[in-house]
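Asks: Shown below is the structure under consideration.
The values are calculated or read from the model by the stated rules, or taken from the named source; none is laboratory data. Quick caveat: nothing in here was measured; it's all calculated off a predicted structure. Here Cβ is always computed from backbone atoms with ideal geometry, including for glycine, and neighbour counts include all displayed protein chains.
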Amino acid sequence: GGTDTASYAAATSAVTVDLNITTAQDTQGAGRDKLLNIDNLIGSLFSDTLYGDGNANVLDGGGNIDIMDGRGGSDTYYVTAGDLVTDTGTTGTDVVYAGVDYALGSGIENLVLTGTTAINGRGNVLNNTLIGNSSGNILNGVDSATPGTGTDTLRGLAGNDTYFVNSTTDVVDETFSGSAGVDLVISSVNFTLATNVENLRLVGSATSGTGNTLVNTLIGNSGNNTLNGGDGNDILTDLLGGDDTLIGGAGADSLKAGAGNDVLIGGTSATASDSSADSLAGGTGNDTYNVTDTTDVVNEALSTLNLSDLVNSTVTYALNDLTSVGVDNLTLVGSGNINGTGNSL
């Protein structure tokens with residue numbers, strides 16, 4: 001019974017140890033040993049090679065650059081810089097504890113970053129769980145430049161964390177006790193920010209991004225994006241082109257579009273009442289602004305004048321010669337008694 005460990009911490013040179021061998025084996029750096037009913041291995045200060053068996057093993061390479069393979073069972077690995085960990089077994093769920101930047105090798109599911117240094121973790125093609133430490137970490141669930149199909153869970157805990165999301169089933173979790181900081185998700189798929197995550201940037205083929213109740217910054221890519229800030233005083237920016245729809249949601253939001261025929265909505269919809277003061281700034285395309293409060297400001301400079309911009313307003317509204325000098329059309333919508341005033345165009 002119990003859990004037994006063979007330690008080679010005092011070896012004078014590198015060792016090679018295999019828990020599958022039940023007869024005497026030449027460890028090279030520590031003579032010939034016969035290991036029976038051993039569960040865990042600790043390496044030396046040199047470059048060791050450690051093998052587990054079909055059970056749940058704990059392998060700790062010690063110092064230097066080590067090679068470890070737990071084989072079957074749910075194995076636990078403790079690594080230092082340069083260690084190579086693979087798991088050739090077909091059973092169990094394995095975890096690596098790392099105090100350095102680390103990318104999971106084949107067959108390893110989970111990674112936990114330790115210590116207090118800002119370090120980074122990268123998964124593989126399996127369904128990974130990546131857990132950061134108390135500093136700002138970068139966690140990437142899949143080792144691929146193209147969107148993956150796995151389901152990864154990324155937990156940054158405290159610090160300003162950056163998460164790379166490559167699958168619509170990926171989960172970014174900042175709800176654990178001690179989670180803090182201002183966090184960023186960089187997503188190549190459509191994504192909605194979870195609780196306690198502030199910012200989102202779309203890359204690759206992603207087209208849709210949605211915020212939460214926090215103060216969010218959402219940044220689009222060159223595609224035809226739909227960005228929705230949700231509650232909170234949000235900043236939505238899409239300057240890379242495409243025909244975009246920017247929806248501020250509740251709160252005093254700042255929306256800025258670039259080239260393309262864009263639709264900017266300060267509130268939750270084109271007609272829903274919103275008492276917050278929103279800033280709507282278009283680009284060089286034929287833009288449509290949806291105004292739902294008298295404090296909303298439309299910014300369309302004369303330099304972007306193209307005679308095709310439109311303000312749809314549910315409230316009394318005047319096209320301003322200072323901020324909306326480049327807007328030439330105003331449409332009053334809804335059923336209220338409201339007024340509209342043009343500008344110098």
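Asks: Specify which of the listed residues (THR288, THR284) is out of contact with any helix residue (DSSP H, G or I) (no Cβ under 6 Å at 6 or more places or on another chain) and of a type outside the set (D, E, K, R).
Replies: THR288
Asks: When you look at GLY121, is it in contact (Cβ under 8 Å) with a residue 12 or more places away in the chain and not in a strand (DSSP E or B), yes or no? Before the answer, list the steps.
Replies: Working: in contact (Cβ under 8 Å) with a residue 12 or more places away in the chain: yes; not in a strand (DSSP E or B): no.
Spelling it out, it is not the case that GLY121 is in contact (Cβ under 8 Å) with a residue 12 or more places away in the chain and not in a strand (DSSP E or B).
Asks: Regarding LEU139, is this residue closer than 28 Å to GLY92 by Cβ, touching a Ser or Thr at 6+ places or on another chain (Cβ under 8 Å) and hydrophobic (A, V, I, L, M, F, W, C)?
Replies: Values: closer than 28 Å to GLY92 by Cβ: yes; touching a Ser or Thr at 6+ places or on another chain (Cβ under 8 Å): yes; hydrophobic (A, V, I, L, M, F, W, C): yes.
Yes.
Asks: Looking at ALA259, is it touching a residue at least 24 places away in the same chain (Cβ under 8 Å), over 15 Å from GLY229 (Cβ atoms) and among the hydrophobic types (A, V, I, L, M, F, W, C)? Break it down stepwise before answering.
Replies: Numbers: touching a residue at least 24 places away in the same chain (Cβ under 8 Å): yes; over 15 Å from GLY229 (Cβ atoms): yes; among the hydrophobic types (A, V, I, L, M, F, W, C): yes.
Yes.
Asks: Looking only at residues in region 152-186 that are closer than 11 Å to GLY141 by Cα, part of a loop (DSSP other than H, G, I, E, B) and charged (D, E, K, R), which one is nearest to the chain's Cα centre (by Cα)?
Replies: ASP170
Asks: Next up: Output the number of residues of region 17-27 satisfying the condition of being closer than 18 Å to GLY52 by Cβ and either surrounded by fewer than 17 Cβ atoms within 10 Å (Cβ to Cβ) or more than 43 Å from the chain's Cα centre (by Cα) (or both). So that I can check it myself, show each step before the final result.
Replies: Quick first cut of region 17-27, residues closer than 18 Å to GLY52 by Cβ only: 17-23, 25, 27.
Now restrict to residues that are either surrounded by fewer than 17 Cβ atoms within 10 Å (Cβ to Cβ) or more than 43 Å from the chain's Cα centre (by Cα) (or both): 20-23, 25, 27.
Residues flagged as closer than 18 Å to GLY52 by Cβ and either surrounded by fewer than 17 Cβ atoms within 10 Å (Cβ to Cβ) or more than 43 Å from the chain's Cα centre (by Cα) (or both) within region 17-27 amount to 6.
Asks: When residues of region 68-100 are filtered for being under 23 Å from SER13 (Cβ atoms) and buried (at least 19 other Cβ atoms within 10 Å of the Cβ), how many remain?
Replies: Just the residues of region 68-100 that are under 23 Å from SER13 (Cβ atoms), to begin with: 68-69, 77-85.
Now narrow it down to the ones that are buried (at least 19 other Cβ atoms within 10 Å of the Cβ): 68-69, 77-79, 83, 85.
Number satisfying all stated conditions: 7.
Asks: Do the conditions hold for LEU218, that is, is it more than 20 Å from ALA98 (Cβ to Cβ), surrounded by fewer than 21 Cβ atoms within 10 Å (Cβ to Cβ) and either touching a His at 6+ places or on another chain (Cβ under 6 Å) or at pLDDT 90 or above (or both)?
Replies: Details: more than 20 Å from ALA98 (Cβ to Cβ): yes; surrounded by fewer than 21 Cβ atoms within 10 Å (Cβ to Cβ): no; either touching a His at 6+ places or on another chain (Cβ under 6 Å) or at pLDDT 90 or above (or both): yes.
No; evaluated as a whole, the condition is false for this residue.
Asks: Across region 243-262, which residue is nearest to THR213 (Cα to Cα) among those that are surrounded by fewer than 20 Cβ atoms within 10 Å (Cβ to Cβ), at pLDDT 90 or above and not polar (S, T, N, Q)?
Replies: ALA250
Asks: Which residues, counting only those in region 67-99, are out of contact with any Ser or Thr (no Cβ under 6 Å at 6 or more places or on another chain) and within 18 Å of PHE46 (Cβ to Cβ)?
Replies: Passing the criteria: MET68, TYR77, TYR78, VAL79, THR80, ALA81, GLY82, ASP83, LEU84, VAL85.
Asks: Failed condition for VAL79, given (1) touching a residue at least 12 places away in the same chain (Cβ under 8 Å); (2) over 30 Å from GLY181 (Cα atoms), with all others met?
Replies: Just one mismatch for VAL79, condition (2).
Asks: Then there's this: From the residues in region 101-118 that are touching a strand residue (DSSP E or B) at 6+ places or on another chain (Cβ under 8 Å) and part of a loop (DSSP other than H, G, I, E, B), which one is surrounded by the fewest Cβ atoms within 10 Å (Cβ to Cβ)? Before you say what the answer is, go through the steps one by one.
Replies: Start the filter on region 101-118 by keeping residues that are touching a strand residue (DSSP E or B) at 6+ places or on another chain (Cβ under 8 Å), which leaves 101-114.
From what's left, part of a loop (DSSP other than H, G, I, E, B): 101, 104-109, 114.
Values: ASP101: 15, LEU104: 26, GLY105: 19, SER106: 12, GLY107: 19, ILE108: 23, GLU109: 20, THR114: 16.
If we take residues in region 101-118 being touching a strand residue (DSSP E or B) at 6+ places or on another chain (Cβ under 8 Å) and part of a loop (DSSP other than H, G, I, E, B), then SER106 is surrounded by the fewest Cβ atoms within 10 Å (Cβ to Cβ).
Asks: Please work out if ASN128 is within 19 Å of the chain's Cα centre (by Cα), in contact (Cβ under 8 Å) with a residue 24 or more places away in the chain, buried (at least 20 other Cβ atoms within 10 Å of the Cβ) and farther than 17 Å from VAL171 by Cβ. Give the steps one after another, and end with the answer.
Replies: Working: within 19 Å of the chain's Cα centre (by Cα): yes; in contact (Cβ under 8 Å) with a residue 24 or more places away in the chain: yes; buried (at least 20 other Cβ atoms within 10 Å of the Cβ): yes; farther than 17 Å from VAL171 by Cβ: no.
Considered against the rule, which asks whether it is within 19 Å of the chain's Cα centre (by Cα), in contact (Cβ under 8 Å) with a residue 24 or more places away in the chain, buried (at least 20 other Cβ atoms within 10 Å of the Cβ) and farther than 17 Å from VAL171 by Cβ, ASN128 comes out as no.
Asks: If you go through region 66-74 one residue at a time, do you hit one that is among the charged types (D, E, K, R) and in contact (Cβ under 8 Å) with a residue 40 or more places away in the chain?
Replies: Of all residues in region 66-74, those among the charged types (D, E, K, R) come to 66, 69, 71.
So of that shortlist, the ones also in contact (Cβ under 8 Å) with a residue 40 or more places away in the chain come out as 71.
Yes, that holds for at least one residue.
Asks: If you check ASP274, ASP296, which single one turns out to be at pLDDT 90 or above and within 37 Å of the chain's Cα centre (by Cα)?
Replies: Details: ASP274 fails: at pLDDT 90 or above.
ASP296 is the lone residue from the list that is at pLDDT 90 or above and within 37 Å of the chain's Cα centre (by Cα).
Asks: Please go through region 226-238 and give me each residue that is within 17 Å of THR207 (Cβ to Cβ) and either surrounded by fewer than 20 Cβ atoms within 10 Å (Cβ to Cβ) or under 18 Å from the mean Cα position of the chain (by Cα) (or both), ordered by number.
Replies: Selection gives THR226, LEU227, ASN228, GLY229, LEU236, THR237.
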